[in-house]
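Below: the structure, in structure tokens.
The values are calculated or read from the model by the stated rules, or taken from the named source; none is laboratory data. Model, not experiment: these values are computed from the prediction. Here the Cβ positions follow ideal geometry from the backbone for every residue, glycine too, while neighbour counts run over all protein chains shown.
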């Protein structure tokens, strides 16, 4: 019959009873002292709980110090970038958004809408603005969160952009305009044409994304858009990561062509690394596929002249699944494929883009005359 007193707890060597108040006994077999106190028996190996966690406080303090240093570095880099590249245009206040824009030239109005991650200088550094300002009144906005435009917390879908730009153009006295959108900006251009068909007299869509697909880059670029966690990332580690990968990302959008020397020299890349712009780019990446899903059923409603233009070797969007498909679904559209060029067609072939805009404006003039 078992001794219940013995089985009620851990079996102790006989010496425990003689250990005294200090709980120290002599292990006669091993010839050494061991701590058989109850507190020590609850810890495997005889180690103390506080000892096993002794590393935690230094690690947490080190992580906090590293994040703090990263935040200070990010703040300084932002200040340096904005001192080096101040605003180049004017400001409008529209629906609580401080909207930065430039206006050049005279004539019929042409609105240029940039893509994800970039800003007004995407069109000035490419020389597209100077070329077109000779015959158009060219207006270029920094989309919310890019360049020097603010980005209040809301869901900035292409339709939200379109409503903002429509009201901004009203403030500027614009009644009709030809619109060129590039990349993510094509979604905004389409949304603006759907919302205000009397305003958009002609539409030029460059290197666009029009139909939803599974894209790994949307998942990789989206974390800084997550509230709270993303906010912490944008002010600490995200600028450091973005700075490290930015050269390869820029290289990819120009492939198979090399990055133009003027772009390397003049484009304000440091402005792309600020926390607000990182948030805008992350949110736009997360919204790209659902935005295309929301618009794809409405393309046939576009009755104004439409020109679709893309580089044949675009590494960012599949030309066949996007631009070519859109052209098939819009038989009245014109489709231009630029051989051996990648995503940044207005940098790589500004004359071709300007010619596409001119032809679209001329077609729209004939349509409106009728």
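Would you call residue 151 in contact with a helix residue (DSSP H, G or I) (Cβ under 6 Å, 6 or more places away or on another chain), crowded, with 19+ Cβ neighbours inside 10 Å and at pLDDT 95 or above? In short, no. Being touching a residue at least 40 places away in the same chain (Cβ under 8 Å) and under 19 Å from residue 191 (Cβ atoms), is that true of even one residue in the stretch 118-132? Yes: the stretch 118-132 contains one or more residues that are touching a residue at least 40 places away in the same chain (Cβ under 8 Å) and under 19 Å from residue 191 (Cβ atoms). Is it fair to say residue 310 is assigned to a strand (DSSP E or B), more than 20 Å from residue 144 (Cα to Cα) and touching a strand residue (DSSP E or B) at 6+ places or on another chain (Cβ under 9 Å)? Judged against the criteria, residue 310 is a match. Would you check if residue 108 is surrounded by fewer than 24 Cβ atoms within 10 Å (Cβ to Cβ) and over 23 Å from residue 315 (Cα atoms)? Yes; evaluated as a whole, the condition is true for this residue.
All of 349, 361, 310, 292 fail the test of being assigned by TED's automatic domain parsing to the domain that holds residue 179, more than 26 Å from the chain's Cα centre (by Cα) and either surrounded by 14 or more Cβ atoms within 10 Å (Cβ to Cβ) or at positive phi (or both), apart from 361.
Annotation: residue 297 fulfils all but one of (1) touching a strand residue (DSSP E or B) at 6+ places or on another chain (Cβ under 6 Å); (2) part of a helix (DSSP H, G or I); the unmet one is (1).
Only a single criterion out of (1) within 19 Å of residue 348 (Cα to Cα); (2) crowded, with 23+ Cβ neighbours inside 10 Å is not satisfied by residue 190, namely (1).
A single entry from 279, 274, 243 fulfils the requirement of being farther than 19 Å from residue 114 by Cα, in contact with a helix residue (DSSP H, G or I) (Cβ under 6 Å, 6 or more places away or on another chain) and modelled with pLDDT under 95: 243.
Out of 223, 212, report the one residue that is within 23 Å of residue 157 (Cβ to Cβ), modelled with pLDDT under 65, in contact with a helix residue (DSSP H, G or I) (Cβ under 8 Å, 6 or more places away or on another chain) and in the same structural domain as residue 141 (by TED's automatic domain parsing).
Values: 212 fails: modelled with pLDDT under 65.
The match here is 223.
State whether the residues of the stretch 317-328 include one that is surrounded by fewer than 16 Cβ atoms within 10 Å (Cβ to Cβ), on the phi > 0 side of the Ramachandran plot and in the same structural domain as residue 197 (by TED's automatic domain parsing). Working first, answer last.
Taking the stretch 317-328 as the starting set, the residues that turn out to be surrounded by fewer than 16 Cβ atoms within 10 Å (Cβ to Cβ) are 318, 320-321, 324, 328.
Still in the list and also on the phi > 0 side of the Ramachandran plot: none.
The answer is no; no qualifying residue exists.
Could you please let me know if residue 339 is surrounded by 16 or more Cβ atoms within 10 Å (Cβ to Cβ) and more than 13 Å from residue 202 (Cα to Cα)?
Working: surrounded by 16 or more Cβ atoms within 10 Å (Cβ to Cβ): no; more than 13 Å from residue 202 (Cα to Cα): yes.
Spelling it out, it is not the case that residue 339 is surrounded by 16 or more Cβ atoms within 10 Å (Cβ to Cβ) and more than 13 Å from residue 202 (Cα to Cα).
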